[in-house]
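Heads up, the thing below is written out as structure tokens.
The values are calculated or read from the model by the stated rules, or taken from the named source; none is laboratory data. Since the model is a prediction, treat every value here as computed from it, not as a measurement. As a convention, Cβ positions derive from the backbone with ideal geometry for all residues, glycine included, and neighbour counts pool all protein chains shown.
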Amino acid sequence: MSYLRKVLAIVWKDVRAELRTKDILSSMLVFAGLSVLIFQFAFDLRADNVRLVLPGVLWIAITFAGVLGLNRSFILEQDRGSLEGLLLAPVDRSAIYFGKLIGNLLFIFIVELLLLPLMTVLFNVWLLSPALLLVVALGTVGYAAVGTLFAALSINTRAREVMLPILLFPVMVPVFVAGVQAVSRLLDGDSLADIVRWVQLLVAYDAIFLAAAMLLFDYVVEE
Amino acid sequence: MIYVSKLIKAFGRRPVLRGIDLEVPAGQSVALFGPNGAGKTTLIRIIAGLSRLSSGQVLLGGQDAQQAGPALRRYIGFVSHNPLIYDNLTAEENLLFFGRMYETPELPQRIDQVLEQVGLAGRRKDVVRTFSRGMIQRLAIGRAILHNPPILLLDEPDTGLDQQAADMLRRLLVELGSGDRTVLLTTHNLERGIEWADRALILNGGRVRFDALTGELGGGHFRRIYSETVGGL
């Protein structure tokens, strides 16, 4: 219980600060919205090609907007050395990881909740089916799990904002491939049962990287 | 309360601490002096558990600081020139958050008490980014003492403070240092450090070069000792 209370205290702190500044959400939302609009113009998305390109556009918007949020969430910890304040607390450091992860997930989910209806309207393709939401949610969990770990790692590097995508994107390839394939098949009319292998891949990725990140976080943040 | 034995710390091949032995009994205030790069901050960070040692031993209250679990961190309050607080939270929210992390009992009452102690009760609802440097440092001290730790580690707590803020910090530290609390602080201000502490140590080249009770030292006398100790190497 004590562990959970501390995880929730970190989430509370991140949400409270974000409600006051809207630093993370505003930059993620603007970036996601703009990138979707740019793709709309760049590929001249029409009824005949939209289903082909849309899954990629969706995951690119989520990924790029997510990087902004992941970076910001740890830069705010670094500004006044407050990450050290967290590390000094009598709590297992995995609780810090999970607290930051849940906060990051929350912000990315909020962006997705606004992005998916926006894309549904813009491209006239229904993106709010339960199966598609499940695939997006599973992919997001894996993305945030690895992203939170790497954001903590890159925060102490000189080119911290560039370093995160360089570290993160290669590791995210399985999520992108599974996510794009699953969304693409769902848009083609397949059911969840038809894409179960991609869903299993996402679940396995989430489980492996959540466990690995939990074990590695202590080493990542230690001097 | 703090026991350091044969402590060595190297960053890569560069040794920073070359065999520190130090014993600070409960209730004693120790000022650690030395030039930049002497290893003061590294020593304090190792004792705080923020940095790993290369070899040697650090005991806090008889427990090995490197081996013990997170619960040992409850013994320590840490203040550095970085305040370790959140700019976008209010003073009260910062203390509420850290109080939850330390599971401080009767937290609302304790927050009231600490805010009074550091003179920020009137600004409790204000966001920290609107605070002056002195106020931020007072809140940082409030954060460090919120859980009532028996050991207080202060790494250059007076950096960037004007005279008035430094005087307030001195009053606060005298109050905090009374009783059984052990205080280890670093500062570049020799007079201030001598005034604050019961004992003075000079660290240079990763070793303790001088160790004496401050009662035996006058300000001018200590300045001469410091120059000889640091300059003679």
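Scanning region A:146-205 for residues that are farther than 24 Å from residue A:102 by Cβ, out of contact with any Phe, Trp or Tyr (no Cβ under 9 Å at 6 or more places or on another chain) and either small (Gly, Ala, Ser) or in contact (Cβ under 8 Å) with a residue 40 or more places away in the chain (or both) returns A:159, A:184, A:186, A:188, A:189, A:191, A:192, A:193, A:195, A:198. Tell me whether region A:77-90 contains one or more residues that are more than 22 Å from residue B:147 (Cβ to Cβ) and within 14 Å of chain B (Cβ to nearest Cβ). Within region A:77-90 (the criterion being more than 22 Å from residue B:147 (Cβ to Cβ) and within 14 Å of chain B (Cβ to nearest Cβ)), the answer is yes, since at least one residue qualifies.
Hey, does region A:43-54 have a residue that's surrounded by 20 or more Cβ atoms within 10 Å (Cβ to Cβ), more than 30 Å from residue B:152 (Cα to Cα) and either under 19 Å from the mean Cα position of the chain (by Cα) or among the acidic types (Asp, Glu) (or both)? Walk me through it before giving the result.
Initially, region A:43-54 is screened for residues surrounded by 20 or more Cβ atoms within 10 Å (Cβ to Cβ), giving A:45, A:54.
Next cut, more than 30 Å from residue B:152 (Cα to Cα) only: A:45, A:54.
From what's left, either under 19 Å from the mean Cα position of the chain (by Cα) or among the acidic types (Asp, Glu) (or both): A:54.
Checking region A:43-54: at least one residue is surrounded by 20 or more Cβ atoms within 10 Å (Cβ to Cβ), more than 30 Å from residue B:152 (Cα to Cα) and either under 19 Å from the mean Cα position of the chain (by Cα) or among the acidic types (Asp, Glu) (or both).
Condition check: surrounded by 19 or more Cβ atoms within 10 Å (Cβ to Cβ), among the aliphatic types (A, V, I, L, M), more than 28 Å from residue A:95 (Cβ to Cβ) and within 16 Å of the chain's Cα centre (by Cα). Does residue A:178 satisfy that? Yes, satisfied.
Which is more than 14 Å from chain B (Cβ to nearest Cβ) and either in a loop (DSSP other than H, G, I, E, B) or among the β-branched types (Val, Ile, Thr) (or both), of A:15, A:30, A:7, A:11?
Numbers: A:15 fails: more than 14 Å from chain B (Cβ to nearest Cβ); A:7 fails: more than 14 Å from chain B (Cβ to nearest Cβ); A:11 fails: more than 14 Å from chain B (Cβ to nearest Cβ).
After ruling out the rest, the residue left standing is A:30.
Looking at region A:91-109, which of the residues that are more than 7 Å from chain B (Cβ to nearest Cβ) and aliphatic (A, V, I, L, M) is surrounded by the fewest Cβ atoms within 10 Å (Cβ to Cβ)? Residue satisfying both the conditions and the ranking: A:106.
The residues on offer are B:55, B:29, and the sole one that is within 17 Å of residue B:2 (Cα to Cα) and either modelled with pLDDT under 90 or surrounded by fewer than 20 Cβ atoms within 10 Å (Cβ to Cβ) (or both) is B:55.
Answer with yes or no whether residue B:156 is touching a strand residue (DSSP E or B) at 6+ places or on another chain (Cβ under 9 Å), on the phi > 0 side of the Ramachandran plot and of a type in the set (D, E, K, R).
On the way: touching a strand residue (DSSP E or B) at 6+ places or on another chain (Cβ under 9 Å): yes; on the phi > 0 side of the Ramachandran plot: yes; of a type in the set (D, E, K, R): yes.
Yes.
So if I check each of A:133, A:167, A:216, A:210, which one is surrounded by 14 or more Cβ atoms within 10 Å (Cβ to Cβ), more than 25 Å from residue A:43 (Cα to Cα) and either modelled with pLDDT of 95 or more or of a type outside the set (A, V, I, L, M) (or both)?
Details: A:133 fails: more than 25 Å from residue A:43 (Cα to Cα); A:167 fails: either modelled with pLDDT of 95 or more or of a type outside the set (A, V, I, L, M) (or both); A:216 fails: either modelled with pLDDT of 95 or more or of a type outside the set (A, V, I, L, M) (or both).
So the residue among A:133, A:167, A:216, A:210 that is surrounded by 14 or more Cβ atoms within 10 Å (Cβ to Cβ), more than 25 Å from residue A:43 (Cα to Cα) and either modelled with pLDDT of 95 or more or of a type outside the set (A, V, I, L, M) (or both) is A:210.
In summary, residue A:223 fulfils each of the numbered conditions (1) in contact with a Lys or Arg (Cβ under 9 Å, 6 or more places away or on another chain); (2) in a helix (DSSP H, G or I); (3) at pLDDT below 95 with the single exception of condition (2). Taken together, the residues in region B:209-224 that are out of contact with any helix residue (DSSP H, G or I) (no Cβ under 7 Å at 6 or more places or on another chain) and at pLDDT below 90 amount to 6.
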